[in-house]
Amino acid sequence: MRGVVKSIDAVTVAKKFLVRGYNVSPEAAKIVASFPDPELLIAEVCKISRNSFIICEEDVISAIRSLELRIKGSQRAESEVKKKEHHEKAQERIRVLRDVGNLVVEGSVEDFVAYFNSRLEKLSKIFRARIQPTPIRNLGRVRGEVVNVVGIVNNVLDKKESVIIELEDQTGTINCIANGKLAETARELLGDEVIAISGTLRGNSILADRILFPDCPINGNKKHVDFGVVFISDTHFGSKGFLEEKWEAFVRWLNCETDMSDLAEKIRYIIVAGDIVDGVGVYPEQENELAIVDIYEQYENAAMHFDEIRDDIEVIISPGNHDAVRQAEPQPSLPKEIAKLFPKNVRNVGNPALLDLEGLKVLVYHGRSLDDIVTKISRLNYESPQKAMEELLKRRHLSPLYGGRSPIAPAKEDLLVIDEIPDVLHSGHVHTYGTSYYRGVLLVNSSTWQAQTEFQKKINLNPMPCNVAVLLGENVYRLNFSGG
């Protein structure tokens, strides 16, 4: 109560009450004498028993309850102050280096032109640090020489033995011919990405010797962190397929209630890469698979589940295509009326967002463009999503193909270009799990918390639910809460 307090006997208790003008029953005196802080209890009994001449057991018990309520209230207030201080310090440790913000897109012709000019300029800048490109309109002055050009891939025409790449910059277009093994690389071009081609000018075409991608430096180093970061995505709260028991097992682990608490107690951050709820009307006949049909109630349910996580862990949420934001990427963070439902240790950012967590740079992107990557490049599949994520880093763009399955908002600046190389690229969307390092960058695709839906059965997508990636030190731990 108030530090070290000397114990007293029942006789002394009776004397202390007597000097205050009260008599006390022997049973009541014994209860006071056994209390951790008798002096405090005597004062409380006298305070609430002003009209009593004899203090009985009920008076003492009532005073004890009053003290307990007051102490709990004080402790609760102190706890709230500590929580507030903790979250304020945590917010200082979390820096949002890049976010979508309140991006407004009109979709005019000028916006489209500005968007692709922005993409070309940003990625050309990366190439100019490595090669000296010639503007396409100036190529006529260097016939027969080896030239370097940088441009956007307009079209790829497969001629079986060779591939013709139509490349465009801000000055013109030119056809580039890729033969042999180079043709295989050309066949994996998506269209709309920015590449460089080195080759010899022959007539009005370039005979390509090399196809270069913006890519990441080869000498990238793995980042070491002395705190734990959990990567999850695609929780799909509100779905009939939401795996409640598996989620509860995950939360018990986070709250250090299982055998693996040594790892859990080091967790400082959880990053969620989109599709927080299942949404409404996202795919045909979805209403048949919803446990909660109201979108707002889905988010209330999500907030309730996140509130179960211990509050010294900071949770960062980015939206996905099932969430209550615009479908076109980049997507803003959840609206205020939804964000306010979540506990104070939850922070909302857009899709994509570049974060700095105490020096660890994490690029979180839901990953809708992975559908385009897997569809266009035949050697890739959903079972190894990290391989498709490598292609995003290789192209230094989160959604290189315009007009594919991933709709893109034509803003004046292309915010999907990977200007700054992160330490971690975290995605989800495809409901499968995979991690790897690519040139020093940790790639994480973090599974789902939803069982296979009827829609997924129709498109032959087999999810790998309830897999969690944890980064600590330089190690990546895979925790499987599916029970399988």
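Just so it is clear, none of the values below were taken in a lab; they were calculated from the coordinates. For clarity, every value in this text was computed on a predicted model and none was experimentally measured. With ideal geometry, Cβ positions are generated from the backbone for all residues, glycine too; neighbour counts draw on all protein chains shown.
Structural remarks
- Extended-chain gain in nm, criterion 0.36 nm per residue less alpha-carbon gap, Val146 and Asp215: 22.6 nm
- Gain in span if fully extended, Ser378 to Glu110, counting 0.36 nm per residue against the direct Cα distance: 93.0 nm
- For Tyr437, the amide hydrogen comes within under 5 Å of the amide hydrogens of Leu443, counting only partners 5 or more places away or on other chains and with H modelled in the peptide plane.
- Sum of -39500 (n - 2.57) over DSSP H runs of 4+, divided by residues of the chain (222 nm, nearest 500): -9500 deg cm²/dmol
- Subset of Lys160/Lys394; Lys223/Lys387; Lys159/Lys394; Lys223/Lys266 violating a 23 Å alpha-carbon distance limit: Lys160/Lys394; Lys159/Lys394
- More than 20 Å apart - percent of Cα-Cα pairs taken over region 324-474: 52 percent
- Among the GluC sites (Glu not before Pro) found in region 216-293, those both in a DSSP coil and sparsely packed, with 11 or fewer other Cβ atoms within 10 Å of their Cβ, are Glu285.
- Cα gyration tensor shape of region 437-480, rounded if a/c is under 1.5, else prolate or oblate by comparing a/b with b/c: oblate
- Förster-model FRET efficiency, 22 Å R0, Gln327 and Asp294, C-beta, rounded to 0.05: 0.65
- Between Arg76 and Glu285, the contour length at 0.36 nm per residue exceeds the alpha carbon distance by 70.5 nm.
- For region 118-242, taking the reciprocal of the average inverse distance between every pair of different Cα atoms yields a Kirkwood hydrodynamic radius of 16.7 Å.
- Taking all C-alpha pairs of the chain, those more than 40 Å from each other amount to 39 percent.
- Here the label points at Asp226 and Leu18, each 7 Å from Cα along the C-beta direction, are separated by 6.3 nm in the simple model.
- Per-pair calculated FRET efficiency, R0 = 51 Å: Lys47 and Val251 via Cβ, rounded to 0.05: 0.75
- Taking a straight Cα-Cα cut-off under 23 Å and skipping sequence neighbours fewer than 8 places away in the same chain, the lysines within cross-link reach of Lys15 are Lys6, Lys30, Lys47.
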